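> A single structure is presented below for examination.
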Amino acid sequence: MNLHAPSNGMTGESDLSQADFERIAQVAKSGWGLNLDKSKRPLIKSRLNKRLRALALPDFTTYCALIEANDKHEIGHFITALTTNVTSFYREVHHFEYLENAVIPDLMARAKRGERVRLWSAGCSSGQEPYSLAGSLLNFDKEACSYDLKILATDIDALVLDKAKRGVYGQDDCTFPSPSHESRVLKRPAGDSHRQVCEALQSLISFRHLNLVDHWPISGKFDVIMCRNVAIYFDKPTQARLWSRFSQCLQPDAYLFIGHSERIADPEEIGFCVAGTTTYRLRPMTKSSSGI
Ligand SMILES: C[S@@+](CC[C@H](N)C(=O)[O-])C[C@H]1O[C@@H](n2cnc3c(N)ncnc32)[C@H](O)[C@@H]1O
């Protein structure tokens, strides 16, 4: 008898009971802020069935025990199965146009004077977002790599971070708003079907593993934070905490860009004013707010 036969002989998939789904949702929420409502049950069932098969586990109840025990090896796979990593180069291109017209000229002038300039792509997935940022910076000033100017790019999913660090993309990943955007980022085709990002871009970026709902080992403030299409997977209180934490690690006058379907409910309350579509700017410190 096969002790590990899946519980649904028709589809070859194990059934995911409501109770086990709730255990999974609880681990996802407490660990990473991910909000798995019941509409996600079929998707989670299908994605995690692959893990059950890979581990030769008999059912979801056994799998739940593994992740509740914070099994080091499995947690990485669990996160990869749960997260959505869809991204593209120059996604929501209006944000990059805004940056290039209204933000980068000033940032670059400061960097040229020797000031420290920092940008953060939070929830960077496989790297297209930070590489697009780097492409815009280097397009404005070819010397950008010689200044104290850096992009931090973070994600919780180790698999996508590895891809981001390699900076090698298949044809399907290589869609751009225009050929000139493409030539800022990718080297010329080398004959095979894969494309490599330019080394200069890579030298501007540090890729790090970071969970946005946990402690942030970050020192110093940022001039730009892009956190787009990430908070949409969090519940409202987790989103509100995230926006507030971002406001605390931005310089006065600095910018936060969020995803097209995300909103900050009450931006003024945490010091932001609306600067554009899904674009917020931290208000400059006034004498009274700085306590002077
Ligand atoms: C849909 S992608 C967005 C990528 C990119 N920002 C964009 O808009 O194209 C969402 C990313 O957020 C990451 N993510 C989800 N929860 C996270 C958390 N708690 N901490 C850090 N990253 C997280 C996922 O791993 C995924 O790569």
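The values are calculated or read from the model by the stated rules, or taken from the named source; none is laboratory data. Just so you know, these numbers come straight off a predicted model, no measurement behind them. Backbone-built Cβ (ideal geometry, glycine too); neighbour counts: all protein chains shown. Remember, those area values only see protein heavy atoms, side chains included, never the ligands or the DNA or RNA. Shrake-Rupley method; radii C 1.70, N 1.55, O 1.52, S 1.80 Å.
> I'm told Asn211 meets every condition in (1) within 16 Å of the ligand (Cβ to nearest atom); (2) at pLDDT below 95 except one. Can you identify the failing condition by its number?
(2)
> Can you tell me which residues in segment 75-101 are more than 16 Å from the ligand (Cβ to nearest atom) and in contact (Cβ under 8 Å) with a residue 40 or more places away in the chain?
Result: Glu100, single match.
> Are any residues in segment 151-201 surrounded by fewer than 16 Cβ atoms within 10 Å (Cβ to Cβ), in contact with a helix residue (DSSP H, G or I) (Cβ under 7 Å, 6 or more places away or on another chain) and without any contact (Cβ under 8 Å) to a residue 60 or more places away in the chain, and if so, which ones?
Passing the criteria: only Ser193.
> Scan Glu115, Glu143, Glu92, Glu97 and give me the residue that is charged (D, E, K, R), modelled with pLDDT of 95 or more, open to solvent by 10 Å² or more (accessible area, probe 1.4 Å) and in contact with a His (Cβ under 9 Å, 6 or more places away or on another chain). Steps first, please.
Details: Glu115 fails: in contact with a His (Cβ under 9 Å, 6 or more places away or on another chain); Glu143 fails: in contact with a His (Cβ under 9 Å, 6 or more places away or on another chain); Glu97 fails: in contact with a His (Cβ under 9 Å, 6 or more places away or on another chain).
Sole residue among the options that is charged (D, E, K, R), modelled with pLDDT of 95 or more, open to solvent by 10 Å² or more (accessible area, probe 1.4 Å) and in contact with a His (Cβ under 9 Å, 6 or more places away or on another chain): Glu92.
> So how many residues does segment 55-84 have that are open to solvent by less than 50 Å² (accessible area, probe 1.4 Å), closer than 18 Å to Val213 by Cα and of a type outside the set (A, V, I, L, M, F, W, C)?
Within segment 55-84, residues that are open to solvent by less than 50 Å² (accessible area, probe 1.4 Å), closer than 18 Å to Val213 by Cα and of a type outside the set (A, V, I, L, M, F, W, C) number 3.
> May I pose another question? Condition test on Ser244, is it in contact with a helix residue (DSSP H, G or I) (Cβ under 7 Å, 6 or more places away or on another chain), away from the ligand (no atom under 16 Å from the Cβ) and touching a residue at least 12 places away in the same chain (Cβ under 8 Å)?
Working: in contact with a helix residue (DSSP H, G or I) (Cβ under 7 Å, 6 or more places away or on another chain): yes; away from the ligand (no atom under 16 Å from the Cβ): no; touching a residue at least 12 places away in the same chain (Cβ under 8 Å): yes.
Taking the combined requirement at face value, the residue does not satisfy it.
Quick grid of which residues meet (1) under 19 Å from Ala19 (Cα atoms); (2) away from the ligand (no atom under 14 Å from the Cβ); (3) assigned by TED's automatic domain parsing to the domain that holds Val213:
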{"position": "Gly31", "(1), (2), (3)": "yes, no, no"}
{"position": "Leu36", "(1), (2), (3)": "yes, no, no"}
{"position": "Asn49", "(1), (2), (3)": "yes, yes, no"}
{"position": "Pro58", "(1), (2), (3)": "yes, yes, no"}
{"position": "Thr61", "(1), (2), (3)": "yes, yes, no"}
{"position": "Ala65", "(1), (2), (3)": "yes, yes, no"}
{"position": "His73", "(1), (2), (3)": "no, yes, no"}
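> Can you tell me which residue in segment 145-160 is nearest to the ligand (Cβ to nearest atom), limited to those that are of a type in the set (A, V, I, L, M) and within 12 Å of Ile205 (Cα to Cα)?
Residues of segment 145-160 of a type in the set (A, V, I, L, M): 149, 151-153, 156, 158-160.
Subsequent filtering for residues that are within 12 Å of Ile205 (Cα to Cα) retains 149, 151-153.
Values: Leu149: 20, Ile151: 13, Leu152: 12, Ala153: 10 Å.
Of everything passing the filter in segment 145-160, Ala153 is nearest to the ligand (Cβ to nearest atom).
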